[in-house]
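*Asks:* My questions will all concern the structure given below.
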Amino acid sequence: MELNDLVPRRGEWLRGTGSDSDIVMSSRIRLARNLAQFPFLNRADDSVRSEIERTLRRHLNELSLGGPRSYLDVSHLERLDRQFLVERQLISRELSESHGSRGVCFTEGENISLMVNEEDHLRIQVLHSGFDLDSCWQQINRIDDLLEERVTYAFSEELGYLTACPTNVGTGIRVSVLLHLPALVMTGEVKKVFQALQKINLAVRGLYGEGTQAMGDFYQISNQITLGKSEEKLIRSLKDVIPNIILYERKVRSALVKDNRAELHDKISRAYGLLRSAQSISSQETMDLLSSVRMGVNLGFIDDLSIPTVNELFIHTQPAHLQKLRKTTLDSADRNAARAGYLRHRLSPPAQGDKN
């Protein structure tokens with residue numbers, strides 16, 4: 001698969017299906033692993049990094065992932081292409097901005113990706129649409145077991161899996177759920193949620209994970225530590241908490257509809273109208289307006305647009321995607337104009353067939 005083949009496609013995690021998909025965009029589990037015979041990357045020179053990459057590439061290309069897969073040498077990609085993969089959630093910002101030999105293996109549906117030479121030698125990721133941590137765990141556990149039959153992981157009987165960052169030592173697992181919480185943001189109630197999560201050692205991050213700002217009212221909720229807790233217990237901690245946040249968001253949405261229906265409908269209609277008519281629009285404004293539109297579709301205020309299309313627009317209007325769609329490099333002003341043109345095209349009233 002060529003990188004450009006991904007541009008018009010929609011990844012599995014954007015389908016808008018699965019449990020509670022009106023609020024839960026996606027569920028994700030990552031595992032951090034290192035090969036026993038090599039030092040951690042912060043102590044590895046370029047030749048060692050290259051040997052790690054060659055070793056893992058060979059095994060990943062032979063691994064049974066349930067369908068077609070691609071392997072990309074990230075170190076040979078242009079900055080725009082790396083940013084494109086970040087926007088699609090196939091690689092992390094850290095892998096994109098790192099140096100030396102590194103790569104990513106991912107499946108056709110983009111729900112499985114394996115990053116080589118990120119912070120650790122290997123990061124395994126499984127991403128599903130909706131609230132579906134159990135399926136993520138079953139899938140990633142199988143992949144991890146298959147890999148462990150081929151390679152020897154750095155492991156301590158006392159500590160568990162050894163990782164470059166101490167907070168990942170133990171299971172090496174990061175469990176996260178991406179939530180869309182526009183009503184809680186509008187009312188300021190989201191602050192209460194963050195305070196409660198902090199007390200139980202759950203982290204809140206932006207759309208693209210660690211070190212990123214929240215955009216479009218999307219928040220990633222994940223565990224902060226892994227040492228001393230089993231994978232099942234860490235997954236259970238999120239499975240216990242996330243439904244309460246979902247319930248809270250739905251409750252606030254219902255209250256907004258009941259108490260301020262006309263005002264809410266007007267806000268959503270204005271957002272939809274601006275997206276369909278703007279001549280220039282920034283990425284941040286687009287995310288904010290699409291957030292209102294997404295809530296409007298779920299509340300029944302907008303009936304000529306589907307959630308999968310809205311989900312796709314969140315990604316396709318990001319800077320790298322826009323430039324890949326236009327097949328040219330654009331400065332900020334040109335991107336804003338191109339973004340507006342793309343939105344007008346996708347959201348124009350005659351395009352009734354956009355409901356997919």
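*Asks:* Give 292, 222 a once-over and let me know the one that is crowded, with 19+ Cβ neighbours inside 10 Å and part of a strand (DSSP E or B). Before you say what the answer is, go through the steps one by one.
*Replies:* Numbers: 292 fails: part of a strand (DSSP E or B).
Just one listed residue meets the conditions, 222.
*Asks:* Determine, yes or no, whether residue 268 is surrounded by 20 or more Cβ atoms within 10 Å (Cβ to Cβ) and part of a strand (DSSP E or B). It would help to see each step written out before you state the result.
*Replies:* Working: surrounded by 20 or more Cβ atoms within 10 Å (Cβ to Cβ): yes; part of a strand (DSSP E or B): no.
No: the conditions fail for residue 268.
*Asks:* OK, next. Pull up region 82-118, narrow it to residues that are among the polar types (S, T, N, Q) and assigned to a loop (DSSP other than H, G, I, E, B), then point me to the one that is farthest from residue 48 (Cα to Cα).
*Replies:* At the first step, the residues of region 82-118 found to be among the polar types (S, T, N, Q) are 83, 89, 92, 96, 98, 101, 107, 111, 113, 117.
Next cut, assigned to a loop (DSSP other than H, G, I, E, B) only: 89, 92, 98, 101, 111, 117.
Numbers: 89: 27, 92: 21, 98: 15, 101: 9, 111: 29, 117: 11 Å.
That would be 111.
*Asks:* Here's a follow-up. Do we have any residue at all in region 195-210 that's surrounded by 19 or more Cβ atoms within 10 Å (Cβ to Cβ), touching a residue at least 24 places away in the same chain (Cβ under 8 Å) and part of a helix (DSSP H, G or I)?
*Replies:* No, there is no match, as no residue in region 195-210 is surrounded by 19 or more Cβ atoms within 10 Å (Cβ to Cβ), touching a residue at least 24 places away in the same chain (Cβ under 8 Å) and part of a helix (DSSP H, G or I).
*Asks:* A follow-up question, please. What number goes with the only condition from (1) surrounded by 15 or more Cβ atoms within 10 Å (Cβ to Cβ); (2) not in a helix (DSSP H, G or I) that residue 280 does not pass?
*Replies:* Condition (1) is where residue 280 drops out.
*Asks:* Filter region 35-46 for residues that are part of a helix (DSSP H, G or I) and in contact (Cβ under 8 Å) with a residue 40 or more places away in the chain; which is farthest from residue 155 (Cα to Cα)? Give the derivation first.
*Replies:* Of the residues in region 35-46, the ones part of a helix (DSSP H, G or I) are 41-43, 46.
Then drop every residue that is not in contact (Cβ under 8 Å) with a residue 40 or more places away in the chain, which leaves 41-42, 46.
Numbers: 41: 16, 42: 18, 46: 24 Å.
Among those that are part of a helix (DSSP H, G or I) and in contact (Cβ under 8 Å) with a residue 40 or more places away in the chain, it is 46.
*Asks:* Of the numbered conditions (1) under 25 Å from residue 297 (Cβ atoms); (2) modelled with pLDDT of 95 or more; (3) assigned to a helix (DSSP H, G or I), residue 28 fails exactly one; give the number of that condition.
*Replies:* Failing condition for residue 28: (3).
*Asks:* Now a separate question. If the requirement is being touching a residue at least 12 places away in the same chain (Cβ under 8 Å), out of contact with any strand residue (DSSP E or B) (no Cβ under 9 Å at 6 or more places or on another chain) and not polar (S, T, N, Q), which of these qualifies: 15, 28, 49?
*Replies:* 49
*Asks:* Being over 26 Å from residue 22 (Cβ atoms) and either of a type outside the set (Phe, Trp, Tyr) or out of contact with any strand residue (DSSP E or B) (no Cβ under 9 Å at 6 or more places or on another chain) (or both) narrows it down to one of 283, 332, 348, 292, so name that one. Give the derivation first.
*Replies:* Values: 283 fails: over 26 Å from residue 22 (Cβ atoms); 348 fails: over 26 Å from residue 22 (Cβ atoms); 292 fails: over 26 Å from residue 22 (Cβ atoms).
None of the others qualify; the one that does is 332.
*Asks:* Something else now. Mind listing whichever residues of region 139-167 are within 19 Å of the chain's Cα centre (by Cα) and within 21 Å of residue 225 (Cα to Cα)?
*Replies:* 140 - this is the single residue of region 139-167 that is within 19 Å of the chain's Cα centre (by Cα) and within 21 Å of residue 225 (Cα to Cα).
The values are calculated or read from the model by the stated rules, or taken from the named source; none is laboratory data. Since the model is a prediction, treat every value here as computed from it, not as a measurement. All Cβ positions, glycine included, derive from the backbone under ideal geometry; neighbour counts span all protein chains shown.
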